[in-house]
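S.K.: Would you mind keeping the following structure in view while I ask a few things?
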Amino acid sequence: MDNLEPPPCCQESETLDQLSGYDLRIIQPRHGYRFSVDPLLLADFAGVRAGESCVDLGTGCGVIALLLARLCEDCSVAAIEFQQAVARIAERNVVLNGLSGRVEVVEEDVVSVKSRFPVDSFDLVVSNPPYRRPGTGKVSPRAGRDDSRHESTAALADFLAAAKYLVKPSGRICLIYHTSRLAELMAQAAQQKLAPLRLRMVHGNSRMEARMFMIELAKGRSGELRVEPPMMVRGEDGGYSEEKLRIYRGRG
């Protein structure tokens, strides 16, 4: 992710970052929650297809929604965010990247999506949900960070319930989440009758434990779980792995 000089649309409290492989410029809070490599990994894992309608639950500044739109010129994306100030940044990012016709930011809580969309509305649901339970982990002094990292109005079960409601029976649900909650996610998925189809662990390198995982779920159909080869962010030399570089280069 490259840093750019802020354009006139940016405020002093914001930065402008570039994902050059996807021809994206992203406005972010300078001191609030800032995205990392997770959105790029999830967008690649999801594998958006031509003509699909997609929804990103908890879009933040909109980066995953924008990545999906760049990866597939023939898809549409709804980006759902409950924090008003963050949703406004996501809207500005959509305009900044010329994607107003294909990405729509919806200011809504995940627990209230039924009031905004009919059931079975989307082919693909993606999400990078907050992974910390309330009262756990360090509290950030920077405004906005804890709302994005800690569960607030919506817990993991709510994200899964919203995803199940929104996705078509033939569609896919793809999430990236912290490994400490893998067992909980599997139990919640079983309870909500969501079938796990693909699982991939994400490691810093081959000597480190997995810190994140990516999973594909489906409703209304069954199948055997396929555990894919692990994703290594860095290689043995300490630099980025070839796969990470491929994902970072994007369409370029």
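The values are calculated or read from the model by the stated rules, or taken from the named source; none is laboratory data. What you see is a predicted model, and the numbers here were worked out from it, not measured in a lab. All Cβ positions, even for glycine, are placed from backbone atoms using ideal geometry, and neighbour counts span all protein chains on display. Each accessible area value is taken on the protein alone, full model and side chains, heavy atoms only, with ligands, DNA and RNA left out. Shrake-Rupley method; radii C 1.70, N 1.55, O 1.52, S 1.80 Å.
S.K.: Which condition number in (1) open to solvent by less than 10 Å² (accessible area, probe 1.4 Å); (2) farther than 18 Å from VAL48 by Cβ; (3) out of contact with any Pro (no Cβ under 8 Å at 6 or more places or on another chain) is the one that GLU184 fails?
M.R.: Of everything listed in (1) open to solvent by less than 10 Å² (accessible area, probe 1.4 Å); (2) farther than 18 Å from VAL48 by Cβ; (3) out of contact with any Pro (no Cβ under 8 Å at 6 or more places or on another chain), GLU184 misses just condition (1).
S.K.: If I filter region 45-63 down to residues being charged (D, E, K, R) and part of a loop (DSSP other than H, G, I, E, B), which single residue comes out as most open to solvent (accessible area, probe 1.4 Å)? Lay out the reasoning, then the answer.
M.R.: Going through region 45-63, the residues charged (D, E, K, R) turn out to be 49, 52, 56.
Imposing the further condition that a residue be part of a loop (DSSP other than H, G, I, E, B) reduces the set to 49, 52.
Details: ARG49: 133, GLU52: 20 Å².
The extreme case among them is ARG49.
S.K.: Same structure again: Does LEU245 satisfy the criteria of being touching a strand residue (DSSP E or B) at 6+ places or on another chain (Cβ under 9 Å) and either among the hydrophobic types (A, V, I, L, M, F, W, C) or under 23 Å from CYS61 (Cα atoms) (or both)? First the steps, then the outcome.
M.R.: On the way: touching a strand residue (DSSP E or B) at 6+ places or on another chain (Cβ under 9 Å): no; either among the hydrophobic types (A, V, I, L, M, F, W, C) or under 23 Å from CYS61 (Cα atoms) (or both): yes.
No: the conditions fail for LEU245.
S.K.: Filter region 21-44 down to residues that are surrounded by fewer than 21 Cβ atoms within 10 Å (Cβ to Cβ) and under 26 Å from LYS168 (Cβ atoms), then give me how many there are.
M.R.: Selection size over region 21-44: 2.
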